[in-house]
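One structure is given here, and the rest of the page talks about it.
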Amino acid sequence: MASSRQDQDIIIQITQNFNGINISGHKIKKLAKAVCNRFAGDESQDTRHEISIAIVDDNEIRELNKQFLNSNAATDCLSFDLSDGEKGPEIFDLVVNGEMAVRQANLRGHSSEAELALYITHGLLHNLGFSDSTKNQARKMHDTEDEILQEFGYGLVYNKDTGSKEH
């Protein structure tokens, strides 16, 4: 796990605009910090992260998806890297679909918090350089997600039943 000095360089804000899901803000913040500490690049440099996580419903994420990606569909996660590329902090904005997380969790037989943790992990991994553009990249990314989620007690989430995923 990460040292407390590293954790002090990671600021996380969670905004919950969808109240149909119960989450542990502390556990989600701990997860996000662990992902950043694990994949933040050169460990000899002090990298500061500022992460904003918004939990929204289908309608709100559909509007954002349309605005930023020209897609009129609800999606599980939108991730934005707002860093300026200089020595400043890495600034990540994540928008995750709580309504979809509840739906998928019910279909797949795990907790909605585990599904939401998958979306958060997925978005952070994209911001930290992972891609799922090819089959091999996607397999590596999803295996990494499940490894992290298992470490945090969520169990297998993505690879539990890949046939019913919406994304």
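Computed from the coordinates by the stated procedures, all read-outs in this text should not be read as laboratory data. These numbers were taken from a predicted model, which means no experiment stands behind them. Ideal geometry is used to build each Cβ from the backbone, glycine not excepted, and the neighbour counts take in all protein chains shown.
Okay, here's what the table says:
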quantity	calculated
In order through the range 23-40: 3J(HN,Hα) via Karplus (6.51 cos²θ - 1.76 cosθ + 1.60), integer Hz, x for Gly, Pro	10, 9, x, 4, 5, 5, 5, 4, 4, 4, 5, 5, 4, 5, 4, 6, 10, 7
The chain: angle of helix 135-151 to the longest principal axis, Cα-based, in degrees nearest 10	80 degrees
Gyration tensor verdict on the range 27-112 (Cα atoms; rounded if a/c is under 1.5, prolate if a/b is larger than b/c, oblate otherwise)	oblate
In degrees, nearest ten, helix 112-127 long axis to first principal axis of the chain (Cα)	50 degrees
For the range 95-157, radius of gyration divided by Kirkwood radius, i.e. Rg to Rh on alpha-carbons	0.97
Highest average packing first - 96-107, 28-39, 129-140, 73-84, Cβ atoms within 10 Å	96-107, 28-39, 73-84, 129-140
As computed over the chain, the Cα convex hull volume per residue (Å³)	116 Å³
